[in-house]
Every structure is written in C-alpha cells, then in structure tokens.
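Values in this text are rule-based calculations from the coordinates and carry no lab data. Small disclaimer: the values here were computed from a predicted structure and weren't measured. Here the Cβ positions follow ideal geometry from the backbone for every residue, glycine too, while neighbour counts run over all protein chains shown.
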Amino acid sequence: MVKKIGLSIFGLALLVAPAYVFADQIADLQAQVQALMAQIMALQGNAGSSYSAPSPASSTNAGQCVPLPRNLQVGMSGGDVTELQQFLNISPATGYFGPITLRAVQQWQSSHSLVFSGTPLTTGYGSVGPKTRAVMSCAGSASQGNTSSTAPSLYTLPTVNVPSPSTYTQAPTTPTTVSTTADYVKSHGLLLITEPSSSGDESIYTIRTDGSEKTFIATGRMPSWTPDGKIIFVSDRNGARQIWIMDADGSNAREISHLPPATSSPTLPQMAKNGLIVYESAPCADGNNENIWIMNSDGTRVKQLACGMQPSIALSGSWISYTFETENPYHREIYRINTDGTGEKQLTFLGDTNYPDANASSISPNEKWIAFFSGKEAAKVAAGSAQDPSTFGYRNVAIIPADGGARVTLTHCWPLSDTEHSHGPDDCFVADDPAWSPDSQWILHNTAFVSTGGILMIDINGNNEQKILLGHGTVRVPLKYVN
C-alpha cells in the first residue's frame, strides 16, 4: 500500500516541479558505500598536500617523463591515472581522473604551449590525448613557458573527514538570528514559477508567496531573479536556445548570448552583482557532467570554468559552487571554484551511509553558507523508467559553511521504507532544490509529501518550516522582496 501511495504522489511531484532542477528526477546509481569508504580511508591522513607543477626544465629529463599507454580524460581510473597524478605532483594520487586532475592537466598543457583554452571535447584542453602524451613521454616537443615550481591553491586537496553520523543531524552550534519573520516573507515575497506552454517554451509567472496576484510574464525557461530585479531566462524564440534578460513585467526582453552550436542549449543561467553570468551547457568528456561557463552581461568573454552540473554563483560574482558526478564509484559531491579559475576545492564528502551524496547547491546571498540536497541520489534505472519511491533513501536539505564543514540537516523527511516513522498525508519523504531568501535567513525548497508536493520554506536554524506554494517547484533564484 505504501508503495502505491508513494508512486502516485511522486509522479505528481515530478509533474509539478521543474525538470531541469530536481536532483531526484535524474536517473542515478545508488552510492557504492563500501568502496567509497575504502577510498576515503585511503585518502585520510594523506590529504592536505598541494599540487606542485613540474618544472618545465626538468620535465624533459628521463626521470620526469611518463609513458602513458592510453589517452586519459575525466571519469577514467587506473594505474596510469595514478602515474599521471604523480607526474603532475598531485597528492594524494588517487588513481581517479576528477576535476582536480583536469585542472592540473590544463595547467601543464598551458605551461608547455600545447593548448590554452577550450574544453576536452573541443580542443583537448584538460584531456591527455596523443600530442599531450607524446610530450609527457618526452617523445614530442613543445615550447615551455615560465612555470613556478609551487602550484597555486587550485590543486589543494582538503582534509578528508569522516564525521560521525550525529554531525549530519545536529542543529547549528551557534544559531543564526532570524529577524525576518515568516509573515514578512509571505506578505513581501514575489516568486518566479513556470508552467507548461503550448509554444514549446514554458510560461513564466510571478506570484506572491501568499498565493495571490499570479501574473503571466512571458514564455521562456529556467527563470531567475537578477540582483537588480530583472529576470534572466532561457528561450529559443529566435530559433536557437540562448540566454535572455527582461524587466520584471516581461518588457524590454533582449537576447544577450550568441552561443555557437558547440555551446548551445544553455541551462540554469544566473547573474551576479558584477554582471557575471554562470550557466551550464554541452557534455564534458566523461559523459556524466556538463561544462560550466561564465560570461559578461553583454554576452562577451565566454569562458569554460569547470566540469560539473547545477552551478550557483555568489552574489559578488567572485566564486561558484557546483556538483561533480563520478561514475565508478558513483556519487555526487559539492565543489567550489573562483571565477578566475583558481581555488578549486571539494566541500562535501562521504561520511554517513544515509547521506553519501550532495547536489543542487545554492550559495546564500551573504556568501556565508551553501544549502544543498543531502542524502542518497536516485538509483540508475532503464531509460524511461523511474526508481520506486518506496525504495528511496534519506533525502533532505542541509547547509555547510561556504568553505566547507560538517553537514547540518535542516529538513526532517523520512524514507517511505523507514518503518519506525509513520507517513501520514502531511509527512514528507523528499526535500530538494534549496534556494535562499534575499536576506539569507530562509531557505525555500521542493518537498514531496504522501498526499501532495510543492514549495516549503524553513529558517536557517531548521525551524518554522511551513508551506508556501503547492503544485509548483523552485527555480535557482526564485524569490525577491517587494512592497
């Protein structure tokens, strides 16, 4: 009986929530916990060392050559990846080609004048192909720029902590003062929502957080508020899908991106105060992640920043957070990186078997916290199928400090398979896709109940959770305050 109820209501949740945001809608493989724990234990005690770029002068010496038997790219693993990491002075050498190895390869390629920009797919930037392998093995030649023997903090691996499960459910040790009341949010909040449209795009609406004054704005997809109160969104109204900006009432819409086919179909655009825009588009070479890009507000200076998914840009425009997915072993974790390409750092790690994954991060406007989905991602199933909701693991919303730390779970959803807790019509089993209020005191999130689903809000201390708008889901920056 529980299985049938769970299936029916989660089907409703999928229909009413934005398909491009819900982490639960992406078919995933359950985390291979034991393998990950073994990997983390191997890393523990060795992390914290930094990448040190090999000296160009010595990299052509026999002791500094590395003959690699195959091309290497993000998502691959093996002894040759370990040799590559040792050659690049990445410590610890894990044997997995992830984003830190990607950045180290890019640094090495640039310092040897092989390639300076692009992506692993378009130019080979960040992948180890035949030309890069030849130079690394000392069989080829390349001009060499000036490279410091001490690498930037970009390749610093944070200490890997395996905290006790209690650190994932405790309240913040120093509660944040919440001066904005729930009534204020409800009376002054203006939400962006979308609904299906016959035009091919979706219909964008604004609606007060008390459910009143629903107003059609325009057709488009993936809208978010900009810091100056405009709406940034995606539309194909001119043929190709591009990024647009319009006034809050839908007027003065203008196309700001002119992306070529290789980087077309942008998703999840967001803008910072300095005008910098982040979005994702085009698969990475590993097949699991997307390229994350930044560009100016006028569409110029498009730059590939990272390989991952679901980016969130800080209000200052100085850094982003994003998800990076690995395939073997499968899991998702949160990273951050500065928008100048430095300071890449992993922020979440496997430590609790109930909460191995992290996804859908959102940076608070004051840039002190990151909210995110915390729990077990959906299992990978056949195309066109979905995981039985009665088999879901824990799925909640948590926060961490902006520079990393123990997860603090805010919501209180229990899996349908948990027989110790009842599941009445108003008991949730999924919380996901968090987004912040402009004052960084409240977190909106999507929630699935046995009876329905929609947007709820909860304060930063995990208190005063209440329903906002049922039958809809959040967007990346869904809320602004108005009179």
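Details
- Global geometry of segment 390-483, whether rounded, prolate or oblate, following the gyration tensor of its Cα atoms and the 1.5 cut on a/c: oblate
- In Å, descending, principal axis extents of the Cα set of segment 366-445: 39, 31, 23
- Around F324: net Lys/Arg minus Asp/Glu count, Cβ-Cβ under 9 Å: -1
- Unsatisfied cross-links (Cα-Cα over 19 Å) in the set K186/K467; K131/K303; K214/K467; K230/K480: K131/K303
- Sites R70 and K380, calculated FRET efficiency, Cβ-Cβ separation with R0 25 Å, nearest 0.05: 0.45
- With neighbour counts taken as other beta-carbon atoms within 10 Å, the residues H188, H472, H445 rank, fewest first, as H188, H472, H445.
- Straightening the chain between S199 and S318 buys 39.2 nm, computed as 0.36 nm per residue apart minus the Cα-Cα spacing.
- Length gained when the stretch K368-S137 is fully extended (0.36 nm per residue, less Cα-Cα span): 78.7 nm
- Karplus-derived 3J(HN,Hα) values for segment 441-457, using 6.51 cos²θ - 1.76 cosθ + 1.60 with θ = phi - 60°, are 10, 10, 10, 7, 7, 7, 9, 10, 9, 5, 9, 6, x, x, 9, 10, 9 Hz; glycine and proline are entered as x.
- Protection proxy ranking of 210-217, 400-407, 322-329 - average other beta-carbon atoms within 10 Å, highest first: 322-329, 400-407, 210-217
- Take each peptide in 219-229, 419-429, count the other Cβ atoms within 10 Å of every residue, and average; sorted highest first, the result is 219-229, 419-429.
- Segment N252-H421, extension gain: residue separation times 0.36 nm, minus the distance between their alpha carbons: 55.7 nm
- Paired Rg and Dmax values of segment 188-311, which use every Cα atom, in angstrom: 14.6, 46
- Going from the fewest other Cβ atoms within 10 Å to the most, the residues Y394, Y205 appear in the order Y205, Y394.
- On the basis of the beta-carbon distance and an R0 of 45 Å, T215 and T122 show a calculated FRET efficiency of 0.65.
- P(r) tail, segment 247-384: Cα-Cα pairs separated by more than 21 Å, 45% of all pairs.
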